[in-house]
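Since the structure comes first, as structure tokens, the remarks are kept for the end.
The values are calculated or read from the model by the stated rules, or taken from the named source; none is laboratory data. Nothing here was measured: the structure is a model prediction, and the numbers come from that model. Positions of Cβ are generated from backbone atoms using ideal geometry, with glycine treated the same way; all protein chains shown enter the neighbour counts.
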Amino acid sequence: MAAARRLKRVVASQPGFLHLKNTSEPTDLVSSRRKRVNKNKKKNWNKHSEINDVEDFLEDVRLQERTTGGLLSEKPDDSLFFVDVGQPKKAEQEEAEPLKGKKGKGKVSRPLRIDLILQSDSLVAPPKDVLAYQQPNAKKLRRIAQKAEQLAAKGVVPRRQRQLLNRRPVERTAKRAVTEANNNPDREYYDIWGQESKDTADPWYLQQTGKKLVKRPEKLNEKPSVLPAVEVIAPGGSYNPDFFSHQALLQEAHGVEVKKKKEEDKIERQLAVNRDNIATEETVLREQVEGLVEEENEEEDVPDEEEEGDVAVGGITLSEKKTERQRKREKADKIKEQQRLDDRRLTDQRQQLFQLRSIKSSIKQQDQKTKTRQERRKAKQEAQKAQPRRLGKLKFQAEDLEVKLSDEMVGSLRQLKPEGSVLKDRFKSLQKRNLIEPRERAKFKRRHKLKYTEKRAFREIT
């Protein structure tokens, strides 16, 4: 870029450079004595530096680039001059007019005034949009492509391609059935408009010959979501809605905002700091004093604990051995307790015969509860079909409702201000119908900071 500017400056300094604007003024012709200033000091550079000639030159270069697309000194003579040979003849003019496009009464078609106003009058190309050419992992993909080219130049075959070349060819021994000739008079008549199918051969034969199609699973026929491709907005979203419809839509939008507010308040409550738990000077001093007191108490109680420990160690209790009579008594008591439990269980079973009616009612209530839970579970599953599923690491975020307030309503479609974006709405609809996963634009991070340097050419001007 700097080389191009230097080349333009050198070209403009030549004696053949054509100026598009006359920069000479009467004040420039009057010779005036310049004030002598010490330019070794930086504070005098901008104050006493005359750069009007440089600015005029640069402005003249920009004007030539905008109007003619380049410097006039670099243009060929054919683009600047033409030979005037006079008025064309009548016959030649009549032949040239139909080529331009002639209308009803001999009027030549010309562009409209509005089209001429909208056209750009600058011949300088617009700046290149760098963001439009960026793609994620571009540097990595370019490095992989360069490495593949280097390996191909050396004759090295990649592992994946080598595996594909080493695959065994599929041996297809099954031969296709020979079709019967159309001119055979003995062939069966087939009605193409009939309802019966043409595959009348053995199913096993059709499967082995490859003529029988594979049965398509029913799961593939199901749509990922029951939502329609284009959802119709509520009646309150019209440009001139009914009062009650508009109030219902406002109530729905209000509910969404209240829900968001509750979530924010919940997070604030969870992150809030309890002032009672904050340590003060008094509590810190109390904790320190309590620690010291506990140490003194421990020192005083040590002898007592040692004495108790001696007593506990000295007193060892030994279990006495049971006699034969005691063992027999324990065995008899155990058998008697088991017999009592069996009798109680048998009594309970007999009592249940008189409770058949209540048992039936309880079983009926339990079945009813089970059926209610199944219906609730089925309804929940049906409701989840209309909800977006978790397809990626990001969660689907629904768009805000586009609602006009009561004071923003207008009576005509011409005065209505558009809201939202059609492209964004379609993108969100694909995410909501589980066709694509929610995603975000890849962020490009600079690995190194930008370093600004002042070039020598800029320092010479300033």
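Residues in the range 67-80: is at least one at pLDDT below 85 and farther than 30 Å from A125 by Cα? Looking through the range 67-80, none of the residues is at pLDDT below 85 and farther than 30 Å from A125 by Cα.
Considering each residue of the range 167-174 in turn, at least one proves to be part of a loop (DSSP other than H, G, I, E, B), at pLDDT 80 or above and not assigned by TED's automatic domain parsing to the domain that holds Q247.
In summary, L227 fulfils each of the numbered conditions (1) over 22 Å from P418 (Cβ atoms); (2) in a helix (DSSP H, G or I); (3) not charged (D, E, K, R) with the single exception of condition (2). Could you list, in sequence order, all residues of the range 405-435 that are surrounded by 11 or more Cβ atoms within 10 Å (Cβ to Cβ) and touching a residue at least 24 places away in the same chain (Cβ under 8 Å)? Those that are surrounded by 11 or more Cβ atoms within 10 Å (Cβ to Cβ) and touching a residue at least 24 places away in the same chain (Cβ under 8 Å): M409, V410, L416, D425, K428, S429, Q431, K432, R433, N434, L435.
Looking only at the range 116-166, which residues are part of a helix (DSSP H, G or I) and closer than 30 Å to R66 by Cα? Within the range 116-166, L116, I117, L118, L131, A132, Y133 qualify. Only one entry of K260, K223 meets the criterion of being modelled with pLDDT of 90 or more and of a type outside the set (S, T, N, Q), and that entry is K260. R447 satisfies every condition listed in (1) part of a loop (DSSP other than H, G, I, E, B); (2) in contact (Cβ under 8 Å) with a residue 60 or more places away in the chain; (3) more than 30 Å from P224 (Cα to Cα) except (2). Going through (1) loosely packed, with under 11 Cβ neighbours inside 10 Å; (2) assigned to a loop (DSSP other than H, G, I, E, B); (3) at pLDDT 90 or above one by one, Q366 falls short only on (2). Exactly one residue out of E437, E375, E419 is at pLDDT 90 or above, out of contact with any strand residue (DSSP E or B) (no Cβ under 8 Å at 6 or more places or on another chain) and part of a loop (DSSP other than H, G, I, E, B), and it is E437.
Table: residues versus (1) among the hydroxyl-bearing types (S, T, Y); (2) at positive phi; (3) not assigned by TED's automatic domain parsing to the domain that holds E252.
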position	(1), (2), (3)
Q365	no, no, yes
R376	no, no, yes
E382	no, no, yes
K385	no, no, yes
G411	no, no, yes
P438	no, no, no
K449	no, no, yes
T453	yes, no, yes
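Within the range 238-269, the only residue that satisfies the criterion of being of a type in the set (V, I, T) and in contact (Cβ under 8 Å) with a residue 24 or more places away in the chain is V256. Condition test on K428, is it part of a helix (DSSP H, G or I) and closer than 30 Å to H246 by Cβ? So K428 fits the description; yes. When you scan the range 38-65, how many residues do you find that are within 18 Å of E460 (Cβ to Cβ) and in a loop (DSSP other than H, G, I, E, B)? The qualifying residues number 10. If the condition is being of a type in the set (S, T, Y) and farther than 24 Å from L401 by Cα, then the range 239-294 contributes T280, T283.
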